[in-house]
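Enquirer: I have a structure I would like to understand better, so I am pasting it below and will then ask my questions one at a time.
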Amino acid sequence: MPAAKIIAEKLINRRLDLEIGNILTYAQSKLNSLTIDCLLLQSQRFLGNEMKSIVFDLDGTLADTSRDMLKAANLCFEEMGHSEVLSEEKHRGTALHGGRAMLTKGLSILNEPDQANIISEYYPKFLKYYKENLYEKTVFYEGAIFCVENMIQKGWNVGICTNKPESLANLLLTKMSAKGYFKSVVGADTLSVRKPNPEPFFETVKQLNGTLSLSCMIGDSVTDYKTAKAAGVPIILVDFPPNNTEINLLKPDAIIKHFNELIPTVESIF
């Protein structure tokens, strides 16, 4: 009996060891399965979102740069012998169309017949003056950076495609402590062509490691609208002051009046 009892106890203990081992193995397998499932869900969610490439225009879309650009243009006119040709009250909308547009507007006010040659001479001077004064009155539109931060948290790629020279765009973003938000900044001189040619948009998406089928353009102008249409991607236009473009007539995919509308709008498109 004692021997049989000892054998029986050993068998019971062995069985318990096996059962405990099986339980641990089973528990570990379930844990691994749950962990893998969670990782897969997270990866699928993240990768799906990451493929979204949101390409912003800069001037008039992310930031109101009009006042500093007007100052640079007026410094050009002062050098020509004319003071305060352009005003903030009347010409901030023109400013968002760029340096050449402001020089053209001012020369038209001055009834200058030789506009082409003067613009050719003074545009480099405009860029010099603007570089010296590009962050005096410039501000991001309300909610812009908060919106961009939320996009990044969702795993979306965020870039900029602007007709501002690339170096000036990067300098402005750096001064505004926002350069790190954007994985790509493509400017007017990054390639041999500029918006509304679609190539700068394609280059932006390429630098974002994105796909065209899940990319869109956020802008404020006819140029941005034409760029998106040429690229075959959705266009969302912002209706922020001092925009003087009748964007409703363009019939974009969507129009927003505040950045808190942008993420839901993008999600409704994709």
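The values are calculated or read from the model by the stated rules, or taken from the named source; none is laboratory data. Just so we're clear, the structure is a prediction, and the values are computed from it rather than from any experiment. FYI the Cβ positions are ideal-geometry reconstructions off the backbone, even for glycines, and counts take in every protein chain you see.
Enquirer: If I filter the range 213-239 down to residues being assigned to a helix (DSSP H, G or I) and in contact (Cβ under 8 Å) with a residue 60 or more places away in the chain, which single residue comes out as farthest from residue 162 (Cα to Cα)?
Expert: 214
Enquirer: Can you tell me which residue among 148, 205, 186 is among the hydrophobic types (A, V, I, L, M, F, W, C), crowded, with 19+ Cβ neighbours inside 10 Å, over 22 Å from residue 265 (Cα atoms) and at pLDDT 95 or above?
Expert: Unique residue meeting the criteria: 186.
Enquirer: Scan the range 147-198 for residues that are of a type in the set (Phe, Trp, Tyr) and not in a helix (DSSP H, G or I) and jot them down.
Expert: 156, 182, listed by residue number.
Enquirer: Restricting attention to the range 81-101, which residues are under 19 Å from residue 139 (Cβ atoms) and either outside the structural domain of residue 122 (by TED's automatic domain parsing) or among the aliphatic types (A, V, I, L, M) (or both)?
Expert: Within the range 81-101, 95, 96 qualify.
Enquirer: Do the conditions hold for residue 105, that is, is it assigned by TED's automatic domain parsing to the domain that holds residue 216, modelled with pLDDT of 95 or more and under 27 Å from residue 240 (Cα atoms)?
Expert: no
Enquirer: Restricting attention to the range 213-245, which residues are touching a strand residue (DSSP E or B) at 6+ places or on another chain (Cβ under 8 Å) and surrounded by fewer than 17 Cβ atoms within 10 Å (Cβ to Cβ)?
Expert: 229, 239, 241
Enquirer: Determine, yes or no, whether residue 121 is in a helix (DSSP H, G or I) and surrounded by fewer than 15 Cβ atoms within 10 Å (Cβ to Cβ).
Expert: So residue 121 fits the description; yes.
Enquirer: State which residue is modelled with the lowest pLDDT when the search covers only the range 240-263 and only residues that are in a loop (DSSP other than H, G, I, E, B) and closer than 13 Å to residue 96 by Cβ.
Expert: Step by step, filter the range 240-263, then rank; the result is 244.
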